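Here the structure is laid out as structure tokens; the discussion comes afterwards.
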Amino acid sequence: MNVQIQAEKSANAGMDVAEEFVIETRNVDVFYGDNHAIKGVSLNIPKHQVTALIGPSGCGKSTYLRCLNRMNDTIEGCRVEGEILLDGLDIYASGVDEVLLRARVGMVFQKPNPFPKSIYDNVAYGPRIHGLAANKDELDDIVLTSLERAGLLKEVQDRLHSMGTGLSGGQQQRLCIARALAVRPEIILMDEPCSALDPIATAKVEELIDELKENYTIIIVTHSMQQAARVSQKTAFFHLGDVVESGPTEKVFTSPEDERTQGYITGRFG
Amino acid sequence: MTEQTQDTAGSNWNSEKFTKGLAKRKRAEVRFRRIGLLAILTALTLLAILLFSIFSKGYTAFVQTYVTLDITFSEEVIDRNGTRDPEELRLANYAKLVQNALRAKFPEVTSRRDLRALFSLVSNDAADTLRDMVADDPDLIGRTVPVSLLAGDDVDMVTKGYIDRAAVEDDRRVKDRELAWLDILEADGDISLRFNRGFFTNGDSREPEKAGIAGAMVGSLYTLVITMLIAFPIGVMTAIYLEEFAPRNRFNDLIEVNINNLAAVPSIVFGLLGLAIFLNVAHLPRSAPLVGGLTLALMTLPTIIIAARAAIRAVPDSIRHAALGLGASKQQAAFHHILPLSMPGILTGTIIGLSQALGETAPLLMIGMVAFIADIPGSINDPATVMPVQIFLWADSPERAFVEKTSGAIMVLLGFLILMNALAIFLRRKFERRW
Ligand SMILES: Nc1ncnc2c1ncn2[C@@H]1O[C@H](COP(=O)(O)OP(=O)(O)OP(=O)(O)O)[C@@H](O)[C@H]1O
Ligand SMILES: [Mg+2]
């Protein structure tokens, strides 16, 4: 019953029906052992747009994000129920290769986590394991293009073979974005990608996200209302494992329907 | 509520109660530091005493007494037919040459018993030395040359000062007349101490002056290589499986507990296991490094597994997530990232496990690696002994000269252990990464 109400609620959330969705989630429940972390969330992700997930700490944003590339599979005791469709196909159906799925749905983590290898090897790792490059030249090309797209190439051009871990925090995060781009995913999940960055690096990453949305679908978790407002076209507000409200960013921020959303974005609770 | 907060915030840090508490805390800290210092000093002192006693007894094992005699390579003794036939030269009686030289040096000695005592001043190794010299250079025949020959173990003990000349003659292994001969040789400058190469190149021997640790070193080497080849891959694979792949369930918890228990099982039990499996069931050769290595591998496995698991667990999850998030399979993440990153820790653990194995005696006694073996083993199937067992055997020998051999062998063993641990530290330093 609860599930039904939830489904109706998000159906009523005022989305444009003509929009094309790459990801559709229906009645997703996630449990960590007995902890019911996501409670019947239904949410659709529009193609080639930036969707922001906001909400107070512990409300399940990261958990939801990890459902979309099945990273939850790696967590002991985590159980996902419900339907998650990528291009209309259930990603949790048996026979779906999660390895391939993660190539299509890339992820950038909250803390920059470059491999302790060279900058080049960091970016080249994905293409290598997926066999995306036929030869060295092609691989070089992928690496350089990815670094370029991530806005890092200029800074690291002449030290491609020095350690990726030797970069600054902001550079490391852009390296991680380049690494994700190199696999040529369709969707990029970003879990608080700027939380470890200073305002300048943050601005660079935001600029980058804005450019990337031309070709990629991006889902970003953020704690910064300004950031959500700046970069996203759609916003979903999570509260205690529920999506309380979702819709065009402008609408959510200017005239929220739910008073909890109102409270959160005006900073009255969180 | 607010009032209370203000109350604590306004605590008087200068009050007597605080000052007293502070002084007490400082005293406790000083006391603790002193106790710690004392503990370390005690440990260091004991270590120093141990090392001192080993070194002071053992350093003489690295030198050996030589007696220089004028040897006449007389043709009538070693090549009666004058053919210079190598085969004949090889079989000739070279001991006679030594005896003649000693007789010439001490013409006054005539009685049979005295002669036997006189001849035992020089080791029976001397004949071999002369044979080799003639084989190298047959032109020596017919000439008289001064040659340094290995002294008997009694002479060696006297020169090294281990025999108390003041003791009553009957209680003394070396009698007065031998001491008199020695004094004459000494006065003529015919006694010398030289580096004892044989200690590192000979196998074991019943004659202390000829006994060396080469056999035991080679035996240890073979045994350790077998141990490493078996225990390292199995241990690392097990650790990776348990850490990265095994689901958390009862069965795997049980395995984990048992591996930890195995690490604490007394080593002799592993010896019995080796005896039962490798000798009685598999019928592998007794006393061989192959069986020793397999047995020690059983013993070392838990150590390697535990160290490898700790090293693997120390790799931050963010690396795993990074790899998996890019679409790497679990196996790719494990072998491309986690294993290389944990390798320094794994190697350190392996080397520590191996140095334990290098020092192990008890399990090897059970599989018969305790026999007297004079030959240096040529393969992993030859009967062999290992260094700690050799130490045990020598410590058990009655001859006075084996005491220093025992300490000498201990020093060599300690040297190897220190080397291995230094290697472990080096590897850790070299490959340690920070992220
Ligand atoms: N690995 C885990 N194991 C068990 N419980 C978890 C795990 N990760 C998250 N949870 C629980 O799931 C709930 C949602 O957590 P989640 O990390 O998704 O929140 P979040 O919205 O990302 O919060 P934050 O903004 O602080 O990152 C929390 O109650 C948390 O305790
Ligand atoms: Mg989170």
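Readers should treat all values here as calculations from the given coordinates under stated rules, not as data from a laboratory. It should be emphasised that the depicted structure is a prediction, and the values quoted were computed from it without experimental measurement. Neighbour counts run over all protein chains shown; Cβ positions are idealised from the backbone, glycine included.
Points to keep in mind about this one:
- Under the convention that each Lys and Arg Cβ holds +1 and each Asp and Glu Cβ holds -1, the size of the dipole of the range B:214-431 around its Cα centre is about 600 debye.
- Ordering of B:119-132, B:84-97, B:270-283 by burial proxy (mean other Cβ atoms within 10 Å per residue, highest first): B:119-132, B:270-283, B:84-97
- Shielding of peptide A:91-104 by partners, expressed as the average count of other chain Cβ atoms within 10 Å per residue Cβ, is 2.
- For A:Leu139, B:Leu51, A:Leu86, the sequence from fewest to most other C-beta atoms within 10 Å is B:Leu51, A:Leu139, A:Leu86.
- Of all DSSP bridge pairs formed entirely within the protein assembly as shown, close to 70 percent run antiparallel.
- Antiparallel bridge percentage (DSSP; both residues within the range A:121-265; nearest 5): 55 percent
- Inter-centroid distance (Cα atoms) of the range B:336-373 relative to the range B:207-227, Å: 17 Å
- When the Cα positions of A:Met225, A:Pro185, A:Ser255 are compared along the charge dipole of chain A, A:Met225 comes out farthest toward the positive end, with charges on each C-beta of Lys, Arg, Asp and Glu.
- Ranking of A:Ser232, B:Ser148, A:Ser168 by neighbouring Cβ atoms within 10 Å, starting from the fewest: A:Ser168, B:Ser148, A:Ser232.
- For chain B, relative contact order (Cα pairs under 8 Å, six or more residues apart, normalised by length) works out to 19 percent.
- For chain A, the longest principal axis of the C-alpha atoms and the axis of helix A:199-212 are separated by about 80°.
- What you get for chain A, charging only the Cβ of Lys and Arg (+1) and of Asp and Glu (-1), is a dipole of about 600 debye around the Cα centre.
- Relative contact order %, the range B:214-431, counting alpha carbon pairs below 8 Å whose residues are six or more apart: 31 percent
- Average beta carbon contacts from partner chains per residue of B:326-337, 10 Å cutoff: 6
- Per-residue ellipticity at 222 nm from helix content only, as computed over the protein assembly as shown with -39500 (n - 2.57) for each DSSP H run of at least four residues, stands at -16000 deg cm²/dmol.
- Between the listed residues A:Gln110, A:Leu167, A:Pro127, the Cα displaced farthest toward the positive end of the dipole of the range A:99-187, a dipole computed from Cβ unit charges relative to the Cα centre, is found at A:Gln110.
- Within a Gaussian network of chain A (alpha carbon springs, distance under 10 Å), most fluctuating of A:Glu81, A:Glu24, A:Glu155: A:Glu155
- Rounded if a/c under 1.5, otherwise prolate or oblate - the range A:105-148, Cα gyration tensor axes: prolate
- Among the GluC sites (Glu not before Pro) within the range B:376-435, those in coil by DSSP and having at most 11 neighbouring Cβ atoms inside 10 Å are B:Glu432.
- Likely footprinting exposure, A:Lys234, A:Lys213, fewest C-beta neighbours within 10 Å first: A:Lys213, A:Lys234
- Around the Cα centre of the protein assembly as shown, unit charges on the Cβ atoms of Lys, Arg, Asp and Glu (plus for the first two, minus for the last two) sum to a dipole of about 1820 debye.
- Whole-Å distance, taken between Cα centres, linking the range B:37-74 and the range B:103-123: 32 Å
- Pairs exceeding a 29 Å alpha-carbon distance, out of B:Lys57/B:Lys105; A:Lys154/A:Lys251; A:Lys111/B:Lys26; A:Lys154/B:Lys330; A:Lys117/B:Lys330: B:Lys57/B:Lys105; A:Lys154/A:Lys251; A:Lys111/B:Lys26; A:Lys154/B:Lys330.
- For the range A:121-171 versus the range B:169-199, the gap between their alpha-carbon centres in whole angstrom: 77 Å
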